[in-house]
Amino acid sequence: MARIAFIVANDFEDSEFRVPFDEVKKAGHEAVIIGVEAGKQLKGKKGREVITTERSVKDVREEDFAALVIPGGYSPDHLRMNVPMVGFVRDFFKADKPIAAICHGPWMLVEADIADGRTVTSFSSIKTDLINAGARWVDREVVEDGGLITSRKPDDLKAFCTALLRQVSQGIAARLESPLAPEAASDQQPSVH
């Protein structure tokens, strides 16, 4: 059994929290809700979910977890203003552990300065932010570039959860081709599926 951290603030995308959270637990892992403060009630942006943070980011360390999940919605925009939370994300990257970010979740990858040179996807409205941070953005339901797992929207949750659980049980995926490699230069347009 692995412990998997979910970082969440108010206005998270309800399904992007609930579906991975339930899938992690169904697979026999422990899911831990981490916020800026412990014991704080948080509401999903659609009002379907009300959750309570179990731990404060100041009281946890990356070493305590096997993977990190970053649900989308407005939550990542709130979280990226919190220095300890950004550091927590960066620590997972440095430790080469899976980081699964969906929808607006990849904003945290930008803030933690770990998107540069990586192939990712996201909700289309933050595509330019990721490109400006040095990432190669593609339009796919899930992208695995080493330990970075990214998806676009709730419709992609099945592929997102499958990739997360596979990396937790089997180790991180291989790195994708660098966007600076000559053969990748001709593939700068996002693929459409």
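For region 123-166, the tally of residues that are touching a Lys or Arg at 6+ places or on another chain (Cβ under 7 Å) and either open to solvent by 40 Å² or more (accessible area, probe 1.4 Å) or aliphatic (A, V, I, L, M) (or both) stands at 4. For ASP156, indicate whether it is out of contact with any Gly (no Cβ under 7 Å at 6 or more places or on another chain) and assigned to a loop (DSSP other than H, G, I, E, B). So ASP156 fails the test.
Within region 41-57, does at least one residue satisfy the condition of being open to solvent by 60 Å² or more (accessible area, probe 1.4 Å), touching a helix residue (DSSP H, G or I) at 6+ places or on another chain (Cβ under 8 Å) and under 23 Å from MET1 (Cβ atoms)? No, that holds for no residue.
For ASP116, indicate whether it is out of contact with any Leu (no Cβ under 7 Å at 6 or more places or on another chain), open to solvent by 30 Å² or more (accessible area, probe 1.4 Å) and in a loop (DSSP other than H, G, I, E, B). In short, yes. Is there a residue being open to solvent by less than 20 Å² (accessible area, probe 1.4 Å), among the small types (Gly, Ala, Ser) and not in a strand (DSSP E or B) anywhere in region 92-104? No: zero hits.
Among the residues of region 1-51, those that are assigned to a helix (DSSP H, G or I) and within 24 Å of ARG90 (Cβ to Cβ) comprise GLU16, PHE17, PRO20, PHE21, VAL24.
The values are calculated or read from the model by the stated rules, or taken from the named source; none is laboratory data. Because the structure is a prediction, the values reported are computed rather than measured. No Cβ is skipped: glycine too gets one built from the backbone with ideal geometry, and neighbour counts run over all protein chains shown. Accessible surface is based on the protein model in full, side chains and every heavy atom, while ligands, DNA and RNA are left aside. Shrake-Rupley method; radii C 1.70, N 1.55, O 1.52, S 1.80 Å.
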